[in-house]
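Written out below as structure tokens is the structure these notes cover.
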Amino acid sequence: MAIYLIFCGTHGVTYTTDRGVFHCPSCGRQPYEKKRVRRFFSLFSIPLVPLGLLGEYVECSQCGDTYRPDVLDFDPEVAKREVEAEFQAGIKRTMVLMCLADGVIDDKEVAEIRRIYTEVAGKEIAESQVWDEIARAREDGRQLTEYLSSLVGVLNDRGKELIIRAAFLVAASDGDFQEPEQHLMVELGEALEVSSARLRSVLGSIAEA
Ligand SMILES: [Zn+2]
């Protein structure tokens with residue numbers, strides 16, 4: 001039975017369903033690939049039986065950002081709204097939920113969230129946007145791992161790694177990275193379905209930087 005458990009499992013498999021040209025909100029007119037993530041029952045890491053659909057996303061072939069499929073209808077001339085890449089939304093919510101874990105967020109933590117967001121996402125974020133996100137996270141009510149599991153179908157590996165990077169920087173921001181923080185990173189990696197080998201390599205690359 002123990003051996004059976006080691007070699008069987010389920011995991012998300014990502015495959016391309018369509019290609020074309022779209023207007024990437026980050027970098028303009030570019031080729032894209034539309035991808036689907038489906039959960040498979042696997043044996044010895046080989047996907048055998050297709051299970052539920054986890055999600056669908058559009059990936060920009062130029063910058064690698066991923067978006068919900070309705071980004072294909074995005075027309076910059078018609079809509080002046082800013083479309084956020086899924087990893088940007090994920091980074092924001094992850095940091096907010098980590099800081100909310102003790103029930104409160106103070107100005108110092110908001111400043112820290114803004115600093116780390118700029119470092120990881122390469123974009124500025126206003127203080128009011130952080131407070132809006134805090135309000136949304138409270139209203140949503142989901143815990144961090146539950147929230148991250150819901151992103152598995154809309155993120156590629158790069159998006160997941162950027163979220164892990166931001167979470168690591170928040171966890172280590174008090175200068176302390178001990179067992180509880182390590183345990184949390186493992187939990188987040190599992191929720192995002194990142195392999196433990198990949199997680200170790202991502203965390204290793206941040207620690208070296
Ligand atoms: Zn792009």
Report, in debye and to the nearest 20, how large the dipole of the chain comes out about its Cα centre when Lys and Arg carry +1 and Asp and Glu carry -1 on their Cβ. 840
At most 13 other Cβ atoms within 10 Å plus a DSSP loop assignment makes a site exposed; report the longest stretch of the chain without any exposed GluC sites (Glu not before Pro). 125-209
Send over the semi-axes of segment 142-196's equivalent ellipsoid, whole angstrom and largest first, taken as the square roots of 5 times the C-alpha gyration tensor eigenvalues. 20, 12, 10
Report the longest stretch of the chain that contains none of the trypsin sites (Lys or Arg not before Pro) sitting in a DSSP loop with at most 13 other Cβ atoms within 10 Å. 1-79
When Rg is the radius of gyration of the Cα atoms in segment 8-100 and Rh is its Kirkwood radius, what does Rg/Rh come to? 1.07
Can you list the chymotrypsin sites (Phe, Trp or Tyr not before Pro) in segment 31-124 that are in a DSSP coil and have 12 or fewer other beta carbons within 10 angstrom? F44
Total charge of the residues flanking D174 in space, meaning their Cβ is under 11 Å from its Cβ, with Lys and Arg +1 and Asp and Glu -1, is -3
Taking every other residue with Cβ under 10 Å from the Cβ of T17 and scoring Lys and Arg +1, Asp and Glu -1, one gets +1
In whole percent, what relative contact order does the chain give with Cα contacts below 8 Å and a gap of six or more residues? 17
A student applying the Cα gyration tensor rule (rounded when a/c is under 1.5; otherwise prolate if a/b is larger than b/c, oblate if not) would label segment 45-160 oblate
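Once you have the Kirkwood Rh of the chain from its Cα pairs, apply Stokes-Einstein at 25 °C and 0.890 mPa s and quote D in µm²/s.
On the way: Rh = 18.3 Å.
Translational diffusion coefficient: 134 µm²/s.
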If you add up the charges near V120, with Lys and Arg at +1 and Asp and Glu at -1, over every other residue whose beta carbon is less than 11 angstrom from its beta carbon, what do you get? +2
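Every read-out reported here was derived from the displayed coordinates using simple, explicitly stated rules and does not represent laboratory data. This one's a predicted model, so the numbers in the text were calculated from it and none came from an experiment. Cβ: placed from backbone, ideal geometry, glycine included. Neighbour counts: every protein chain shown.
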